[in-house]
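Q: For reference, the structure I am asking about is given below.
The values are calculated or read from the model by the stated rules, or taken from the named source; none is laboratory data. Because the structure is a prediction, the values reported are computed rather than measured. No Cβ is skipped: glycine too gets one built from the backbone with ideal geometry, and neighbour counts run over all protein chains shown.
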Amino acid sequence: MFKRWQWSEAYGFSWEGHVFPLGKYARLKDRLVAELGIPEDEIGRPEPLDRDTLLLGHTAEYLDRLEAMTAFPEQGWYEFEAPCSREVLDGFYAMAAGTVAAIGAGLESRGFAANLGGGFHHAFPWKGEGFCAINDIVVGLQAAHRDWGLGRAVVLDLDVHQGNGTAKALEDEEWAFTCSIHQQNNYPIKQRSDLDIGLEDRAGDEEYLAALDRALEVCRAQDPELLLYVAGADPYVEDRLGGLDLSIEGFAERDRRVFGAFLGEGVPVVAVLAGGYAEKEEDVVEIHFQMIQEGIRVENQAKANPKDCR
Ligand SMILES: [Zn+2]
C-alpha cells in the first residue's frame, strides 16, 4: 500500500541564492499536518529508486554524467542552470521516487494522491534543462506502465512553461497523451505535446480557464486510466519567471475544474507541484496548498455523489 501523500526531507536541498524556492516543500507538508489534520505518519517517505527504474526515463550516459557532476557541482549550471551537488542529486532522486509512489497510491485508491514535490518537466532523457535534473513525471509513468500495467495515461501540464522534456520523452509512447497549457512567449524551446495551447502574454483568469475547458474536453476523450496533473504555480500574476496573470482565485477554479473532470468520473488524479517563483514564497505555498484542498474536496464530493461533482 502506498500512502497518498509523499514527501521527504531530501526535497529541501540547498540552492543558495537560486530563484527556485526549495523551502516550499516542507512548508506545504507542514500545512497539510497543521491545517488539514493529516498525521505525519500518513505522509509517505519515498524509498529510493533502483537504477533500472531511473533508466526508464534517462539514458545511462546521462545518469553517469550527473553522478560525475557531484564532484564538481558548479558544472550543473551548464547542464540545468543550478548546482549539482550530492545533496541536490539525491533530492531529485527522492522526488522521482515520490512521484512513483504517488502514482502507486492513485492507482490503488482510484482517487487523489500527490507528491508534495516533483514536476521536473524540462529534463530530457539525455540531458537536464531549466532547473530539472531528473524527469520524475516520465520515470513515474514509465514505472507504472512497467510494474503495474498502467495503460492509457494523460499528462496535463499547467505550469507556465511548456513541458518540453516530458513531451519529447513520451512522444513515441502510444499509451501516453501529453497536454500542455503555457505562455507561448516564454522559455523553453517548445517540443510537440499531443495537445499544446500557448497563451498570449498576460492572459488572465478568463482566458486561461477557457483554454483549460478546451483542453479538459480533449483529455477526457482519451479515456485515461490515470491523470498526471503537473500543477505548476507559476502562471501566477506575481510570478517572476512567468508572464500570465492568473489570480489565486483563478488557481482554485483551475484546480476545481481539473479534479472535477477526472475524479468525478472515477479517474484517479496524481498531482505533482512543478514551478512557482513569486517574490513571496508563501504565495507559492498557498497555491499548492489550495490545490491539495481542492483535490480532497472534489474527491469527497465525488464519493458522495459520483456523477455530480462539477
Ligand atoms: Zn515553470
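Q: When region 255-275 is examined, which residues are found to be crowded, with 23+ Cβ neighbours inside 10 Å and either farther than 16 Å from residue 113 by Cβ or within 16 Å of the ligand (Cβ to nearest atom) (or both)?
A: Result: 261, 271, 272, 273, 274, 275.
Q: Of the residues in region 84-133, how many are in contact (Cβ under 8 Å) with a residue 60 or more places away in the chain, crowded, with 24+ Cβ neighbours inside 10 Å, among the hydrophobic types (A, V, I, L, M, F, W, C) and within 16 Å of the ligand (Cβ to nearest atom)?
A: Residues in region 84-133 being in contact (Cβ under 8 Å) with a residue 60 or more places away in the chain, crowded, with 24+ Cβ neighbours inside 10 Å, among the hydrophobic types (A, V, I, L, M, F, W, C) and within 16 Å of the ligand (Cβ to nearest atom): 4 in total.
Q: Restricting the search to region 238-252, which residues are in a strand (DSSP E or B) and either crowded, with 24+ Cβ neighbours inside 10 Å or under 19 Å from the mean Cα position of the chain (by Cα) (or both)? Lay out the reasoning, then the answer.
A: Our first condition is that a residue be in a strand (DSSP E or B); within region 238-252, this holds for 239, 245-246.
Of everything in region 238-252, those that are in a strand (DSSP E or B) and either crowded, with 24+ Cβ neighbours inside 10 Å or under 19 Å from the mean Cα position of the chain (by Cα) (or both) turn out to be 239, 246.
Q: Suppose we keep only residues that are acidic (Asp, Glu) and touching a Phe, Trp or Tyr at 6+ places or on another chain (Cβ under 9 Å) within region 112-170. Which one would you say is farthest from residue 213 (Cα to Cα)?
A: In the first step, residues of region 112-170 are kept if they are acidic (Asp, Glu); the result is 129, 136, 147, 157, 159.
Checking the rest, the ones that are also touching a Phe, Trp or Tyr at 6+ places or on another chain (Cβ under 9 Å) come to 129, 136, 157.
On the way: 129: 30, 136: 26, 157: 14 Å.
This residue is 129.
Q: Please verify whether residue 164 is of a type outside the set (Asp, Glu), within 14 Å of the ligand (Cβ to nearest atom) and farther than 29 Å from residue 144 by Cβ, treating the condition exactly as stated.
A: no
Residues are listed down the side, and each one gets a yes or a no for (1) closer than 19 Å to residue 144 by Cα; (2) out of contact with any Asp or Glu (no Cβ under 6 Å at 6 or more places or on another chain); (3) at pLDDT 95 or above; (4) of a type in the set (A, V, I, L, M, F, W, C):
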position	(1), (2), (3), (4)
173	yes, yes, yes, no
177	yes, no, yes, yes
186	no, yes, yes, no
204	no, no, yes, no
216	no, yes, yes, yes
272	yes, yes, yes, yes
277	no, no, yes, no
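Q: While we're here: Checking residue 152 against (1) under 19 Å from residue 54 (Cβ atoms); (2) touching an Asp or Glu at 6+ places or on another chain (Cβ under 9 Å), which test does it fail?
A: For residue 152, the failing item is (1).
Q: Also, quick follow-up: Take residue 220 and decide whether it is surrounded by fewer than 24 Cβ atoms within 10 Å (Cβ to Cβ) and assigned to a helix (DSSP H, G or I). First the steps, then the outcome.
A: On the way: surrounded by fewer than 24 Cβ atoms within 10 Å (Cβ to Cβ): yes; assigned to a helix (DSSP H, G or I): yes.
Spelling it out, residue 220 is indeed surrounded by fewer than 24 Cβ atoms within 10 Å (Cβ to Cβ) and assigned to a helix (DSSP H, G or I).
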